């Protein structure tokens, strides 16, 4: 969400920056025209109010001079102004709502180092702030080698037994799955491992948030109004609640409408929750297996910081997500998203793409984004700088998957599959599996 005053003061820079985003036709002149109308109404209202106050004094003077004709004339004019003011105020509210609606659908502006592009083909591999391909290769686990043709996750022997799409379809329809037995336990183990890692080693505070949220919370983290069709809603009294598409929504909104002390920052939250998405824009994509589901578990990380520290926090959060894949021995790469592939609220995004040998390709398993003060303005989330008395400033927000549990399950199954249909358990997960070193097979 943008401040119209900043747009007015930096119109050319705003136009140049917004033109980098895909399918955005709005320009500063469009927004300033609405704001000009709002300003004109405010001027008329102020003039009417001042005139009414002046005439009210004149009425008193006319009555004191026993000039009833003059008093009646003035009173008629005051009555007309009284009728105009509510109408003008309603007009002002309508134009303010129009301006807010126009501002709310403009995506965040990309940072200067974000590559320009139209889609995922223009994303650029990222090796770290000061890294190289060689250093990244040393840090990232190698691709596995197989003496047989690796299968996709739903074709592996143990998956055929404990991953049931037919029953899920009877219960809920397409894009759902029922996990049973050892597969269900493995998914639970992955989620617990991730959450423990982020809370005990990376300094995130564990949170168990509500799974249903109000429209205000969804607006704060920019799911509304633009992505309403991706959400599942349920009636709630005279309004509605939505199932969370990601724990980013409740975690980030924990600081909405508040003024924090700078000494409290950064705040770091993590949650393991179910997430619910309609996948409205993915018809026909990834219809087999459990890669793209309406319901899935995810460990989410959220950071609340100052403007001066948010870029460093972004690199830190990326490293936290990478650690998950490194501990699990899963080969991956990091991509910096281009302007055309970046999410609506992000200023810069890194995607972690894990290697899936059954598909013979990389697939996204985590997105880590810095949003600047874009969400904070929508939430009215601020902090008071320490030291000299200063006006509150907007916080900066960041979010990242740490990681998607279902996709991590897919990666473990495909990378650790054996020819007999069994799956080896990564060492990091064995304590969560009761010491098991493999599942399935004969």
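List every residue pair whose Cβ atoms sit under 8 Å apart, with the two residues 6 or more apart in sequence or on different chains, where the first one lies in the range 123-138 and is under 19 Å from residue 311 (Cα atoms) and the second, anywhere, is modelled with pLDDT under 95.
Here the result reads 125/133; 127/133; 127/135; 127/136; 128/135; 128/136, each pair linking the range 123-138 to a residue that is modelled with pLDDT under 95.
Specify the residue that is nearest to residue 93 (Cα to Cα); the eligible residues are those in the range 20-67 that are in a loop (DSSP other than H, G, I, E, B) and in contact (Cβ under 8 Å) with a residue 60 or more places away in the chain.
Looking at residues that are in a loop (DSSP other than H, G, I, E, B) and in contact (Cβ under 8 Å) with a residue 60 or more places away in the chain, I get 26.
What's the number of the only condition in (1) in a strand (DSSP E or B); (2) in contact with a helix residue (DSSP H, G or I) (Cβ under 9 Å, 6 or more places away or on another chain) that residue 249 fails to meet?
So residue 249 meets the others, but not (1).
Suppose we filter 223, 208 for residues that are in the same structural domain as residue 379 (by TED's automatic domain parsing), assigned to a loop (DSSP other than H, G, I, E, B) and without any contact (Cβ under 8 Å) to a residue 40 or more places away in the chain; which single one remains?
223
Counting only residues that are touching a helix residue (DSSP H, G or I) at 6+ places or on another chain (Cβ under 8 Å) and at pLDDT 95 or above, which one in the range 386-401 is surrounded by the fewest Cβ atoms within 10 Å (Cβ to Cβ)?
Among those that are touching a helix residue (DSSP H, G or I) at 6+ places or on another chain (Cβ under 8 Å) and at pLDDT 95 or above, it is 394.
Could you list, in sequence order, all residues of the range 226-257 that are surrounded by fewer than 19 Cβ atoms within 10 Å (Cβ to Cβ), more than 16 Å from the chain's Cα centre (by Cα), within 24 Å of residue 100 (Cα to Cα) and in contact (Cβ under 8 Å) with a residue 24 or more places away in the chain?
Hits for the range 226-257 are 239, 240, 257.
Consider the range 166-184. How many of its residues are closer than 19 Å to residue 408 by Cβ and over 29 Å from the mean Cα position of the chain (by Cα)?
Number of matching residues: 4.
Here is a check on your reading of the model: is residue 417 in contact with a strand residue (DSSP E or B) (Cβ under 8 Å, 6 or more places away or on another chain), without any contact (Cβ under 8 Å) to a residue 12 or more places away in the chain and farther than 30 Å from residue 122 by Cβ?
So residue 417 fails the test.
Can you pull out every residue in the range 365-381 that is surrounded by fewer than 19 Cβ atoms within 10 Å (Cβ to Cβ) and in contact with a helix residue (DSSP H, G or I) (Cβ under 9 Å, 6 or more places away or on another chain)?
380
The values are calculated or read from the model by the stated rules, or taken from the named source; none is laboratory data. Just so it is clear, the model here is predicted, and its values are computed rather than measured. Please note: Cβ atoms are built from the backbone with ideal geometry, for glycine as well, and neighbour counts cover all protein chains shown.
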